[in-house]
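Let me begin by presenting the structure, written as structure tokens, before commenting on it.
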Amino acid sequence: MIYQVYPRSFADGNGDGIGDIAGIRSRLNHLSALGIDAIWFSPWYPSPMADAGYDVSDYRDIDPVFGTLADAEALIAEAHELGIRTIVDVVPNHCSDAHPWFQAALAGGPDAPERDLFWFRPGRGPNGDERPTDWIGEFGGPTWTRTTNPDGTPGDWYLHLFAPQQPDLNWDHPRVREEFEDILRFWFDRGVDGIRIDSAGLLVKDATLPEVQPDQPHPFHDLDGVHDIYRGWRRVADEYADRALIGEVWLPDRQRFANYLRPDELHAAFNFDFLGCAWDAAALRESIDGTLSAHAPVNAPATWVLSNHDVTRHVTRYGRADTRFSFAAKREGIPTDLELGTRRARAAALLSLSLPGAAYVYQGEELGLYEVEDIPYAMRQDPMWERSGRIDPGRDGCRVPLPWAGDEPPFEFSPTGAAAPWLPQPADWKDRTASAQTGDSASMLELYRAAIQARRADPALGDGELTWLPAPDGVLAFSRGGGGFTCLVNLSAAPVTMPAQGELLLASGPLDDGLLPSDTAVWLRTAEVTDGPRGADGPA
Ligand code: NOJ
Ligand code: CA
């Protein structure tokens with residue numbers, strides 16, 4: 001199980017209201033008690049923070065707000081001592097506009113050789129004041145910004161698929177390729193066990209810059225040339241023992257997704273199909289089957305992700321009428337039933353932790369945190385909010401600092417007397433602090449601890465076969481490890497009976513007189529499975 005730490009919001013060691021490496025080091029015991037195998041750290045590099053650190057100005061150092069390189073090295077070593085591996089986030093599609101390469105490209109004027117490391121182009125129209133293409137950026141809005149020449153005249157435009165402070169690098173240039181292979185070595189040499197690759201499918205662009213047209217190859221999504229980059233990265237990873245490359249690949253086409261996982265490319269990629277899936281038995285089963293069958297031919301482990309720092313927390317999502325996630329559908333003020341969402345999130349935890357492959361947990365998910373949807377406008381930091389014309393609430397709501405203990409904010413996120421947390425925490429998180437939940441067997445935290453512990457103890461729950469069992473409509477039932485372990489999830493509106501034989505290992509909620517209630521999951525130890533669950537009224 002891999003745990004995502006979002007450093008800004010995990011724990012604040014020095015009291016400035018922003019999470020940092022000292023804070024992470026002081027809370028490693030929480031992660032160790034949870035039973036995690038690895039931590040993925042969202043970016044911690046020097047950055048002007050135009051996109052919360054996904055705008056990197058130096059890939060080989062740590063931003064002073066988070067600490068020093070020596071702090072990072074100490075954290076990596078301490079994690080290793082606890083048997084926890086570490087994964088750093090590398091952002092290769094773009095850097096920060098404060099990166100020395102981009103600064104040199106601007107300062108050197110139209111002929112600066114550094115411009116070849118980016119996508120500088122003249123504008124269209126007689127005065128060059130029209131953008132080179134009409135592409136829409138990943139945060140909404142245009143993808144080109146015009147530069148001013150050193151002599152003050154209007155100059156060329158540069159490409160940025162995200163915010164203007166994130167110029168896209170030109171991966172056709174050998175220096176860009178060499179630089180990133182060297183950055184990988186820099187972190188592998190410091191003992192990190194894996195690299196999470198940001199926006200992994202966007203690196204290569206069609207240099208003829210065509211417009212996006214239906215039925216035409218996309219100019220920058222998932223171009224074939226990207227695989228060559230990852231073959232090079234794999235060769236670097238293979239220079240070391242046991243290092244992993246994990247891609248952030250958003251692709252609806254599962255076959256194209258699996259191409260990233262061929263034996264000489266990445267080891268794993270995030271499963272956004274599962275993350276975006278509705279809380280619906282048939283849809284989830286289709287997603288699970290589709291995922292497993294796409295991964296089988298390339299022999300790569302599937303991943304199971306419910307939340308991360310970019311999406312609406314699933315406690316909130318699962319309490320809505322439409323439980324799916326998509327960026328396009330993000331809006332202010334969608335009603336949610338948090339009690340229902342929490343019940344489903346508990347069941348989803350047992351589901352995702354019993355599927356074959358690697359499970360990812362986003363910090364705070366184990367505390368049952370919900371999306372904070374009432375952050376005052378003036379405090380919102382995420383560029384998506386402004387760039388969408390304030391239609392998309394942005395991603396701040398899933399990035400609110402964690403509540404650790406105590407009855408009021410900052411809930412020991414920061415030491416006593418510290419500045420207020422960089423985003424405000426809801427007062428009712430007093431019931432969701434790690435400390436309040438510890439020892440409460442009905443809490444989300446104890447459910448995660450018990451499930452992760454059981455998963456670690458049972459080899460049947462790692463890789464290996466999943467067998468679907470007969471079940472009524474709206475119920476997911478499968479066995480693992482040749483039948484010795486069974487997971488049942490009731491997504492239907494009515495309770496169902498449980499198989500006659502089987503010892504109850506874990507339940508996501510109270511059972512109802514031996515029946516499995518709606519939105520509840522159980523794990524069973526089964527000697528040998530012969531039948532599945534039945535509807536309360538009769539056989540499936
Ligand atoms: C994906 C990251 O997860 C997200 O947070 C970031 O804004 C974009 N890539 C751009 O780097
Ligand atoms: Ca701090």
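Being assigned to a helix (DSSP H, G or I) and touching a helix residue (DSSP H, G or I) at 6+ places or on another chain (Cβ under 7 Å) is a description that does not apply to L369.
All of (1) within 24 Å of the chain's Cα centre (by Cα); (2) more than 16 Å from ligand 1 (Cβ to nearest atom); (3) hydroxyl-bearing (S, T, Y) hold for T68 with one exception: (1). Would a scan of the stretch 477-491 turn up a residue that is charged (D, E, K, R) and exposed (fewer than 13 other Cβ atoms within 10 Å of the Cβ)? The answer is no; no qualifying residue exists. Selection of the stretch 491-506 for residues being part of a strand (DSSP E or B) and without any contact (Cβ under 8 Å) to a residue 60 or more places away in the chain yields V496, T497, E503, L504, L505. If you check A33, A104 for being more than 16 Å from ligand 2 (Cβ to nearest atom), open to solvent by 50 Å² or more (accessible area, probe 1.4 Å) and part of a helix (DSSP H, G or I), only one passes: A33.
Does Q381 satisfy being within 16 Å of ligand 1 (Cβ to nearest atom) and buried (at least 24 other Cβ atoms within 10 Å of the Cβ)? Answer is no for this residue. Listed by position, the strands (runs of 3 or more DSSP E) contained in the stretch 133-214 that have at least 1 residues being without any contact (Cβ under 8 Å) to a residue 12 or more places away in the chain are 144-148.
Within the stretch 411-462, can you find the residues that are aromatic (F, W, Y) and either in contact with a strand residue (DSSP E or B) (Cβ under 9 Å, 6 or more places away or on another chain) or not assigned by TED's automatic domain parsing to the domain that holds L355 (or both)? First the steps, then the outcome.
Within the stretch 411-462, the subset aromatic (F, W, Y) is 411, 413, 422, 429, 448.
Within the stretch 411-462, Y448 is the sole residue that qualifies.
If you go through the stretch 71-86 and pick out every residue that is closer than 30 Å to P167 by Cβ, more than 16 Å from ligand 2 (Cβ to nearest atom) and open to solvent by 10 Å² or more (accessible area, probe 1.4 Å), you end up with 1.
So for the stretch 397-407 (the condition being closer than 27 Å to P48 by Cα, charged (D, E, K, R) and either within 16 Å of ligand 1 (Cβ to nearest atom) or assigned to a helix (DSSP H, G or I) (or both)), does at least one residue qualify? Explain how you work it out, then say what you get.
Our first condition is that a residue be closer than 27 Å to P48 by Cα; within the stretch 397-407, this holds for 397-403.
The next check asks that each one be charged (D, E, K, R); those that pass are 399.
Filter once more, so that each one left must be either within 16 Å of ligand 1 (Cβ to nearest atom) or assigned to a helix (DSSP H, G or I) (or both): 399.
Within the stretch 397-407, one or more residues are closer than 27 Å to P48 by Cα, charged (D, E, K, R) and either within 16 Å of ligand 1 (Cβ to nearest atom) or assigned to a helix (DSSP H, G or I) (or both).
Using the structure shown, decide if A521 is surrounded by fewer than 22 Cβ atoms within 10 Å (Cβ to Cβ), under 26 Å from the mean Cα position of the chain (by Cα), closer than 30 Å to G364 by Cα and of a type in the set (G, A, S). So A521 fails the test.
Are any residues in the stretch 7-27 part of a helix (DSSP H, G or I) and within 16 Å of ligand 1 (Cβ to nearest atom), and if so, which ones? P7, R8, S9, F10 - these are the residues of the stretch 7-27 that are part of a helix (DSSP H, G or I) and within 16 Å of ligand 1 (Cβ to nearest atom).
The criterion of being in a helix (DSSP H, G or I) and either away from ligand 2 (no atom under 16 Å from the Cβ) or assigned by TED's automatic domain parsing to the domain that holds N149 (or both) does not hold for A98.
For I2, are the conditions met, namely being open to solvent by 20 Å² or more (accessible area, probe 1.4 Å), closer than 17 Å to H80 by Cβ and β-branched (V, I, T)? When the stated conditions are applied, I2 passes them.
Do we find that F188 is within 16 Å of ligand 1 (Cβ to nearest atom) and at pLDDT 95 or above in this structure?
Values: within 16 Å of ligand 1 (Cβ to nearest atom): no; at pLDDT 95 or above: yes.
So F188 fails the test.
Of the residues E211, E248, which is surrounded by fewer than 21 Cβ atoms within 10 Å (Cβ to Cβ), within 23 Å of the chain's Cα centre (by Cα) and modelled with pLDDT of 95 or more? Exactly one of E211, E248 is surrounded by fewer than 21 Cβ atoms within 10 Å (Cβ to Cβ), within 23 Å of the chain's Cα centre (by Cα) and modelled with pLDDT of 95 or more, namely E248. Listed by position, the helices (runs of 4 or more DSSP H) enclosed by the stretch 266-356 that each have at least 2 residues that are free of Cβ contacts under 8 Å to residues at least 40 places away in the same chain and surrounded by fewer than 17 Cβ atoms within 10 Å (Cβ to Cβ) are 281-295, 338-352. When residues in the stretch 401-420 are screened for being surrounded by fewer than 16 Cβ atoms within 10 Å (Cβ to Cβ) and hydrophobic (A, V, I, L, M, F, W, C), 3 of them pass.
Residues of the stretch 50-65 being touching a residue at least 24 places away in the same chain (Cβ under 8 Å) and within 16 Å of ligand 2 (Cβ to nearest atom), which ones? Spell out how you get there, then give the answer.
Of all residues in the stretch 50-65, those touching a residue at least 24 places away in the same chain (Cβ under 8 Å) come to 50-60, 62, 65.
Within the stretch 50-65, A52, G53, I62, V65 qualify.
For the stretch 357-366, a residue qualifies if it is small (G, A, S) and part of a loop (DSSP other than H, G, I, E, B), and the qualifying residues are G357, G364. Among residues of the stretch 455-471 that are under 13 Å from M1 (Cα atoms), those with a Cβ under 8 angstrom from a residue that is part of a loop (DSSP other than H, G, I, E, B) and open to solvent by 50 Å² or more (accessible area, probe 1.4 Å), sequence gap 6+ or separate chain, pair up as D463/P301.
Within the stretch 214-233, can you find the residues that are closer than 19 Å to R185 by Cβ and either among the aromatic types (F, W, Y) or crowded, with 18+ Cβ neighbours inside 10 Å (or both)?
Scanning the stretch 214-233 gives I229, Y230, W233.
How many of the residues in the stretch 421-445 are among the hydrophobic types (A, V, I, L, M, F, W, C), in a helix (DSSP H, G or I) and either free of Cβ contacts under 8 Å to residues at least 60 places away in the same chain or open to solvent by 40 Å² or more (accessible area, probe 1.4 Å) (or both)? Write out each step before concluding.
Just the residues of the stretch 421-445 that are among the hydrophobic types (A, V, I, L, M, F, W, C), to begin with: 422-423, 427, 429, 434, 436, 442, 444-445.
Of the ones still in play, those that are also in a helix (DSSP H, G or I) are 427, 429, 434, 436, 444-445.
Now narrow it down to the ones that are either free of Cβ contacts under 8 Å to residues at least 60 places away in the same chain or open to solvent by 40 Å² or more (accessible area, probe 1.4 Å) (or both): 427, 436.
Qualifying residue count for the region: 2.
Mind checking which residues of the stretch 384-400 are surrounded by 19 or more Cβ atoms within 10 Å (Cβ to Cβ) and acidic (D, E)?
The initial filter retains those residues of the stretch 384-400 that are surrounded by 19 or more Cβ atoms within 10 Å (Cβ to Cβ), namely 384-385, 387, 392-400.
If the condition is that a residue be surrounded by 19 or more Cβ atoms within 10 Å (Cβ to Cβ) and acidic (D, E), then D392, D396 are the ones that fit.
Looking only at the stretch 182-208, filter to residues that are of a type in the set (D, E) and surrounded by 15 or more Cβ atoms within 10 Å (Cβ to Cβ); which one of those is nearest to ligand 2 (Cβ to nearest atom)? Checked the stretch 182-208; the qualifying residue nearest to ligand 2 (Cβ to nearest atom) is D198.
Just to verify a result, which residue in the stretch 107-138, among those that are closer than 20 Å to D182 by Cβ and surrounded by fewer than 16 Cβ atoms within 10 Å (Cβ to Cβ), is farthest from ligand 1 (Cβ to nearest atom)? I'd like the intermediate steps shown before the answer.
Let us first name the residues in the stretch 107-138 that are closer than 20 Å to D182 by Cβ, namely 113-114, 116-118.
Pick out the ones that are also surrounded by fewer than 16 Cβ atoms within 10 Å (Cβ to Cβ) and you get 113, 116.
Working: P113: 26, D116: 22 Å.
Ranking the candidates gives P113 first.
The values are calculated or read from the model by the stated rules, or taken from the named source; none is laboratory data. On a predicted model such as this, the values are computed, not experimentally measured, just so you know. Heads up, the Cβs are rebuilt from the backbone with ideal geometry, glycines too, and the neighbour counts pull from every protein chain shown. Just the protein is used for accessible areas: all its heavy atoms, side chains included, with ligands, DNA and RNA removed. Shrake-Rupley method; radii C 1.70, N 1.55, O 1.52, S 1.80 Å.
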